[in-house]
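Single-structure report; data block below.
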Amino acid sequence: MAARELILAFESSCDETSVAVVENGNKILSNIIATQIKSHQRFGGVVPEVASRHHVEQITLVTDAALKEAGVTYTDLTAVAVTYGPGLVGALLIGVTAAKTIAYAHHLPLIPVNHMAGHIYAARFVKPLTYPLLALAVSGGHTELVYMKAAGEFEIIGDTRDDAAGEAYDKVGRILGIPYPAGKEVDRLAHLGHDTFHFPRAMDKEDNLDFSFSGLKSAVINTVHHADQIGETLSREDLAASFQAAVVDVLVHKTQKALTNYPVKQLIVAGGVAANQGLKEAMNEALAVHFPDVDVIVPPLRLTGDNGAMIGAAAHIELAKRHLASENLNADPGLSFAHA
Amino acid sequence: MRLLALDTSNEAMSVAVLDNDRLLAQTTINHERTHSEQLLPTIDDLVAASGLQPEDLDKIIVADGPGSYTGIRIAVTTGKTLAYTLNIALVGVSSLEVLAANITDTKAMIVPIMNARRNNVFTGVYQWDKGQLINVVTDRHVPLTLLLTELTTLRQPVIFVGSDAAMFRGQIIEALGGLAHFAPDWLNLPQALRLGQLGKDLPPVSVYDFVPRYLRLTEAENNWLKAHPGKGHDVYVEKV
Ligand SMILES: [Zn+2]
């Protein structure tokens with residue numbers, strides 16, 4: 001194999017169409033992202049059929065921009081990679097179809113990538129990974145603690161029993177009158193307020209690594225509704241701060257518990273919610289005290305959201321293992337790592 | 001000129017490779033498996049069976065809708081990606097026209113029917129004129145009852161085509177009586193050979209702008225536009 005491995009990577013699992021060119025699994029030559037956020041803001045959340053339509057509009061433009069920015073041609077490519085799940089089936093299918101077609105047209109191997117593996121491997125652009133490691137993957141659809149014994153091996157050791165953390169942010173955001181996606185604004189408000197409401201920390205005391213956020217979400221909603229009924233106005237800053245404190249507390253405590261059960265040297269905080277300042281601060285603070293030897297990796301903002309580069313990084317590992325797909329690759333919307 | 005024609009608008013999938021007007025290979029699969037799984041393997045098989053490599057193709061012809069939203073996205077995405085990546089010509093042909101083209105040697109009106117649920121259909125009216133298939137009433141999404149009322153006033157024989165026509169047979173005969181004719185079963189399936197012939201001489205379109213003809217906004221967009229009149233042409237997707 002040539003010293004320079006180039007992977008053209010596709011991501012279209014939700015509301016971002018992204019194509020990247022990644023060299024040797026750790027260098028981004030291009031990472032074009034077209035986001036549909038403005039479109040779905042009209043509806044207060046992602047509408048799957050609208051998302052699928054936007055992906056078709058964007059896919060060729062984004063592919064072309066990725067190849068041009070990277071300055072590579074098809075003959076330079078080693079393989080084509082694509083997210084085939086989890087995600088919205090109609091959205092996934094656009095990336096899967098485009099990637100398969102390019103692989104076929106240019107006689108290139110096709111690498112199927114799990115979207116969550118992509119989120120975790122975004123950390124590879126920060127520094128080399130050392131195994132075993134732990135990852136806390138938090139996004140609009142997922143809240144998972146993942147143990148990686150070796151490269152490309154993923155085991156879920158903790159999972160949400162109901163809502164994902166990002167989902168709770170969006171629902172609480174709606175109550176606070178914040179347009180979708182609410183995470184960034186809730187985070188900002190939280191930094192201006194104080195945890196005065198002491199919302200429940202669900203499952204925090206339980207002897208497992210699982211999460212639950214629907215009770216917390218309901219507690220916030222009930223608090224606001226009750227205040228409305230008696231004509232009282234609550235501080236949005238304090239509500240946001242109290243909600244965020246409860247989420248972050250649980251995420252940090254469960255991560256600490258996981259680090260106790262699974263001693264590792266690296267912790268990756270991955271996924272859209274990894275961009276949350278409150279989470280980053282609390283995680284770094286807690287680990288500096290209790291796990292000073294654990295290296296916390298939080299990918300930069302552009303790589304925590306959905307993007308093609310992270311798929312290219314995960315694909316590099318899959319390619320080394322020769323985990324390839326054939327031309328009948330389909331989208332797998334419910335794809336998941338195995339539970340430990 | 002080597003042509004590849006693709007139709008995945010509905011349950012049946014049809015793919016053909018042509019050398020100008022001459023068919024080199026064709027497959028039509030009328031069996032419930034996802035188009036996403038079987039389209040590319042079928043293309044690969046047929047191109048290889050025609051003694052060709054993908055880079056030997058000159059033009060891609062796609063049945064671009066209406067039809068199942070997921071179905072038309074598979075053919076459109078495959079077609080536009082293939083045309084883009086091989087730097088060859090791309091054209092789209094109405095999926096309804098492909099069905100209409102199955103019916104030849106007639107002066108009658110040809111009405112392809114696709115079920116669009118809640119007694120609505122995707123349909124158009126086609127007629128042969130000097131060897132050309134003419135779209136005399138534009139493809140659209142319409143309540144079946146309205147279509148039948150319009151056809152009744154024309155007092156002309158009508159041939160209905162498409163696998164979905166059968167489910168509306170009762171209503172159609174009630175409205176049109178003896179003027180209504182139904183295509184035999186084997187002509188209700190799309191044939192990519194016909195698609196290839198229809199698209200062969202059409203001028204190429206932009207691969208970047210090529211999207212399915214859904215003929216319908218999504219429900220979410222419809223509701224939003226009702227609540228926000230005058231909006232709707234903004235750019236909603238941005239490169240970040
Ligand atoms: Zn994601």
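If the only charges are +1 at each Lys and Arg Cβ and -1 at each Asp and Glu Cβ, what is the size of the charge dipole of the protein assembly as shown around the Cα centre, to the nearest 20 debye?
Details: 46 positive and 64 negative charges, 138 e Å.
For the protein assembly as shown, the charge dipole is close to 660 debye.
Using the alpha-carbon atoms, what tilt in degrees (0 to 90, nearest 10) does helix A:165-175 show relative to the longest principal axis of chain A?
50
Could you name the lysines whose alpha carbon sits less than 24 Å from that of B:Lys107, not counting residues in the same chain fewer than 8 places away?
Partners within reach: B:Lys130, B:Lys200.
Out of every Cα pair in chain A, what percent are spaced more than 34 Å from each other?
Percent of Cα pairs beyond 34 Å in chain A: 25.
Starting from the Cα of A:Lys68, draw a straight line to each of the aspartates and glutamates and keep only those under 19 Å, dropping any in the same chain fewer than 8 residues away.
A:Glu5, A:Glu11, A:Glu23, A:Glu57, A:Asp76, B:Asp209, B:Glu238
Over all directions, what mean area does the Cα convex hull of the protein assembly as shown project, stated in square nanometres?
Computed as one quarter of the Cα hull surface, the answer is 30.0 nm².
I'd like the orientation of helix A:236-261 relative to chain A: the angle between its Cα long axis and the longest Cα principal axis, in ° from 0 to 90, rounded to 10.
60
Please return the longest range in chain B lying between exposed loop sites, taking trypsin sites (Lys or Arg not before Pro), DSSP loop only, at most 14 other beta-carbon atoms within 10 Å, and leaving the sites out.
B:156-230
Taking every DSSP beta bridge that has both residues in the stretch B:103-187, what percent is antiparallel when rounded to the nearest 5?
Antiparallel bridges make up about 65 percent of those DSSP assigns within the stretch B:103-187.
Report, to the nearest 10°, how far helix A:308-320 tilts away from the longest principal axis of the Cα atoms in chain A, using its own Cα long axis and a range of 0 to 90°.
For helix A:308-320, the angle is close to 60 degrees.
Which percentage, to the nearest 5, of the DSSP beta bridges contained in the protein assembly as shown is antiparallel?
60
Do any trypsin sites (Lys or Arg not before Pro) in the stretch A:166-274 lie in a DSSP loop with no more than 14 other beta carbon atoms within 10 Å, and if so, which? Kindly include the intermediate steps, with their values, before the conclusion.
Values: sites: A:Lys171, A:Arg174, A:Lys184, A:Arg188, A:Arg201, A:Lys205, A:Lys217, A:Arg236, A:Lys254, A:Lys257, A:Lys265; in loops: A:Arg201, A:Lys205, A:Lys265.
Within the stretch A:166-274, the qualifying trypsin sites (Lys or Arg not before Pro) (loop, at most 14 other Cβ atoms within 10 Å) are A:Lys205, A:Lys265.
What does DSSP give for chain B in terms of the percent of beta bridges that are antiparallel, rounded to the nearest 5?
Values: 26 of 42 bridges.
Bridges in chain B are about 60 percent antiparallel.
In whole Hz, what ³J(HN,Hα) sequence does the stretch B:133-140 give by Karplus (6.51, -1.76, 1.60; θ = phi - 60°), x for Gly and Pro?
Rounded to whole hertz, the list is 8, 9, 8, 7, 10, 3, 4, 7.
Which residues' amide hydrogens lie under 5 Å from the amide hydrogen of A:Asp210, considering only partners 5 or more residues apart or on another chain, with H built in the peptide plane?
Under 5 Å from the amide H of A:Asp210 lie the amide H atoms of A:Asp159, each far enough along the sequence or on another chain.
Tell me which residues come under 5 Å, amide H to amide H, from B:Trp128 once H is placed; ignore anything under 5 positions away on its chain.
For B:Trp128, the qualifying residues are B:Ile134.
Step through the residues of the stretch B:191-202 one at a time and calculate ³J(HN,Hα) from phi using the Karplus curve (6.51 cos²θ - 1.76 cosθ + 1.60, θ = phi - 60°), rounding each to whole Hz and writing x for Gly and Pro.
3J(HN,Hα) across the stretch B:191-202, in whole Hz: 10, 5, 4, 5, 4, x, 5, 5, x, 3, 9, 6.
Convert each backbone phi in the stretch B:73-90 into a coupling constant with the Karplus relation 6.51 cos²θ - 1.76 cosθ + 1.60 (shift: θ = phi - 60°), then list the ³J(HN,Hα) values in order as whole Hz, x for Gly and Pro.
For the stretch B:73-90, the Karplus curve yields 5, 5, 5, 5, 5, 4, x, 6, 5, 5, 5, 5, 6, 9, 6, 10, 6, 9 Hz.
Mind scanning A:Lys205/A:Lys265; A:Lys127/B:Lys80; A:Lys100/A:Lys280; A:Lys100/B:Lys239; A:Lys38/B:Lys80; A:Lys100/A:Lys265 and naming the pairs with a C-alpha gap bigger than 30 Å? Don't skip to the answer; put the middle values down first.
Values: A:Lys205/A:Lys265 25 Å; A:Lys127/B:Lys80 37 Å; A:Lys100/A:Lys280 37 Å; A:Lys100/B:Lys239 24 Å; A:Lys38/B:Lys80 25 Å; A:Lys100/A:Lys265 37 Å.
Among A:Lys205/A:Lys265; A:Lys127/B:Lys80; A:Lys100/A:Lys280; A:Lys100/B:Lys239; A:Lys38/B:Lys80; A:Lys100/A:Lys265, the Cα-Cα distance tops 30 Å for A:Lys127/B:Lys80; A:Lys100/A:Lys280; A:Lys100/A:Lys265.
For a test of the definition: using alpha carbon positions, the gyration tensor, and the 1.5 limit on a/c, classify chain B as rounded, prolate or oblate.
oblate
Going by amide H atoms built from the backbone, whose H comes under 5 Å of the H on B:Leu217, apart from near neighbours?
Excluding prolines and chain starts, which carry no amide H, there are no hits.
Which of the three applies to the stretch B:103-187, rounded, prolate or oblate, going by the alpha-carbon gyration tensor with a ≥ b ≥ c and a/c under 1.5 meaning rounded?
It is rounded, given that a/c, with a ≥ b ≥ c, falls under 1.5.
For a test of the definition: using alpha carbon positions, the gyration tensor, and the 1.5 limit on a/c, classify the stretch B:96-149 as rounded, prolate or oblate.
prolate
Only the coordinates and a few stated rules stand behind these numbers; no lab work does. As the structure is a computational prediction, the values presented were derived from the model and not from experiment. Note: ideal-geometry Cβ built from the backbone for every residue, glycine included; neighbour counts use all protein chains shown.
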